[in-house]
Amino acid sequence: MFTIKKLRYIINPFMGLLVILISFGLIFLDLNWANNKPKVTLPNNPIIIENQKIGSDNWHLTNPATNHEIEGYASLTSVNRASQIELFVNTQDPAYTIEIFRMGWYGGKGARQVTPTITRKGIEQPAPIVDRATGLIECDWLQPYILHIPENPQESTEWTSGVYLAKLTGSKTGKQSYINFVVRDDKRSSDILFQTSVTTYQAYNNWGGMSLYRWNSKGKQATKVSFNRPYATSPNEAAAYGVGAGEFLTNFQPQRRTSNAAWEYNMVRWLERSGYDVSYCTDIDTHENHRVVREGKRILSMHKAFFSVGHDEYWSWQMRHNIEVAKDKGLSLGFFSANTCYWQIRFEPSKITKDINRTIVSYKEGAALDPFTRDNNLDNDYLITTRWRNQPLNRPEDALIGVMYETFQVNADIIINQNAPEWAIANTQLKPNNLQISQKELHTQHSQENQLPQKIKLKGLLGYEVDRMFGNAPADTVVIAHSPYTYKGNTRYADMTVYQAESGATVFATGSMQWSWGLDDYNAPNLRPSLINLDAQQITRNAIERMID
């Protein structure tokens, strides 16, 4: 007779094995996450292994340097493993410390300290060099800390590819700020390549009084900006804890326009919490797309999907060319963003150091003054720094992305389309029978938002800039969401889309900057309300599965 006692003898060894596997990190459990169901992921990539390491709360700025008490910049926007990067620091304090953190999930702590604390003698750096004609402000600072990034071929999680923040703290004032940079791992293929949008950070950065925008520049806006300078603090004092990190943690927008919460770090936290196999780069790396000698491949070809997140407005011709070529070879594209690839830019070397790609050139609305416009040389007109959709470029963004920018200062809900593909809404509450609300009903009900069925809304995830289809997208582009919002008394619509390229690549676009706020709550409630949304998380999983399958 089969007894309970015998059953126990059979089960107990397996339970013991399960305990051992969990204890040694061979099974990674993240409870209460995907639709509140347990998720089991095998630790088969460096991101899972890295995030099992002990995190730290000490990365936060508790005494932000809002008046230049301590500040710095890096010699590069990204550095490959087995290379070095220089960190330049300016302070009147007699000494300062550098603590370097890799940003991720780490059990909710959000970062891990990767080096012992470094103590350095303080130095008051010379004033920046200013070019009055272009508004270019560039620093020529001295005595950098040289950070050597090791590479152990046997240890892929030593200096794992990621976004890193160097936290600076003055010894006398206690004031703090960041220097941000990305560590790459060019030799390693991964499912996802996450691009940080440093060209957009720099376009809005008004350190020294000049940016590519008139509203936060002294006098007219600059036509050239340099990476050889620190990132300024947000205009919102409540967001000062992001000073030095560009728009990775907070953003530079005027508080009257939008929340000063940013977007990229939310996606980083969620991707790493979920255990996705992800590597990191910046716009400069997309621009260069250099060949990995050992692999014989370009960087973009080493991955299955490329992600642009939040605010990725400024693209060079080479960036777009490289992305389009990679897409045509099978690289999927995830645009969890809006206003993407809106302005064309050029890169120039630093006038001081001669290092390449350290100066951004962008004449924007004044494209008629661009030297490439005025030189009567038609051969370089494709590099004129104007909107991609304008003459002489005539390359509208939606021809690549599926949608393109129309409106800013939007704060509304994403409305799932009744014809959304089943794979996109699989395992969500957004079932087809909940989406049977006609476009006519939407038109009549949009002004009474609360009357819309809750099952079709992703609340608060539309904004602050939004995109729509303009008619240049590939013919098979599918609309996942068609979301009404009010602008100057009229109704406009934003779109979320997807299409499959001839190569088989999937191109997915949310059409909204705020999408990642549905994934992770960093910056809530300090700068914005909590907008965690399980359906948005599941749609993201569905899209990623489609892109990396």
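The values are calculated or read from the model by the stated rules, or taken from the named source; none is laboratory data. No experiment lies behind these values; they were computed from the predicted model shown. Note that we place each Cβ from the backbone using ideal geometry, even for glycine, and neighbour counts take in every protein chain shown. Note: areas computed on protein heavy atoms with side chains; ligands, DNA, RNA excluded. Shrake-Rupley method; radii C 1.70, N 1.55, O 1.52, S 1.80 Å.
Here are a few things to note about the model shown:
- Only helices enter this figure: runs of n ≥ 4 DSSP H residues, each worth -39500 (n - 2.57), summed and divided by the residues of the chain, yield -5000 deg cm²/dmol at 222 nm to the nearest 500.
- Placing pseudo-labels 7 Å out from each Cα toward the beta carbon at Gln429 and Tyr145 gives an inter-label distance of 4.7 nm.
- Options Thr117, Ala203, Ser190, ranked by Cα towards positive dipole end of the stretch 106-262, top entry (Cβ charges): Ala203
- Segment Ala133-Asp476, extension gain: residue separation times 0.36 nm, minus the distance between their alpha carbons: 118.8 nm
- Listed residue pairs exceeding 19 Å between alpha carbons, taken from Lys364/Lys488; Lys109/Lys304; Lys109/Lys167; Lys175/Lys218: Lys364/Lys488; Lys109/Lys304; Lys175/Lys218
- On the chain, 51 percent of the accessible area sits on carbon and sulfur atoms, based on a 1.4 Å probe.
- Per residue, the stretch 242-305 exposes 28 Å² of accessible surface when a 1.4 Å probe is rolled over the protein heavy atoms with every protein chain present.
- The chain - charge dipole about Cα centre, Lys and Arg +1 at Cβ, Asp and Glu -1, debye rounded to 20: 860
- Relative contact order, percent, the chain [alpha-carbon distance under 8 Å, six or more residues apart]: 12
- Remark: the Cα gyration tensor places the chain in the oblate category, a/c being 1.5 or greater and a/b not exceeding b/c.
- Members of Lys327/Lys459; Lys53/Lys172; Lys172/Lys351; Lys172/Lys220; Lys297/Lys354 lying beyond 30 Å, as alpha-carbon distances in this model show: Lys327/Lys459; Lys53/Lys172; Lys172/Lys351; Lys172/Lys220
- Charged neighbours of Gly104, selected by a Cβ distance under 10 Å, balance to +4 (K, R count +1; D, E count -1).
- FRET efficiency for the pair Trp215 and Arg294, taken as 1/(1 + (r/R0)^6) with r the Cβ-Cβ distance and R0 = 56 Å, rounds to 0.75.
- Within the stretch 249-341, the trypsin sites (Lys or Arg not before Pro) that combine a DSSP coil assignment with at most 16 other C-beta atoms in a 10 angstrom radius are Arg256, Arg257, Arg294, Lys329.
- Note, ³J(HN,Hα) from phi for the stretch 375-392, Karplus 6.51, -1.76, 1.60, rounded to Hz, x at Gly and Pro: 8, 6, 9, 5, 5, 10, 5, 5, 9, 4, 8, 9, 5, 4, 7, 8, 5, x
- Karplus 3J(HN,Hα) series, Hz, for the stretch 160-167 with 6.51 cos²θ - 1.76 cosθ + 1.60 (x for Gly, Pro): 4, 3, x, 8, 10, 10, 8, 8
- Rounded if a/c under 1.5, otherwise prolate or oblate - the stretch 332-404, Cα gyration tensor axes: oblate
- In terms of packing, defined here as the mean over residues of other Cβ atoms within 10 angstrom, the peptides 277-289, 369-381 line up highest first as 277-289, 369-381.
- Given charges at Cβ of Lys, Arg, Asp, Glu: the chain dipole, positive-most of Gly504, Ile284, Cys341: Gly504
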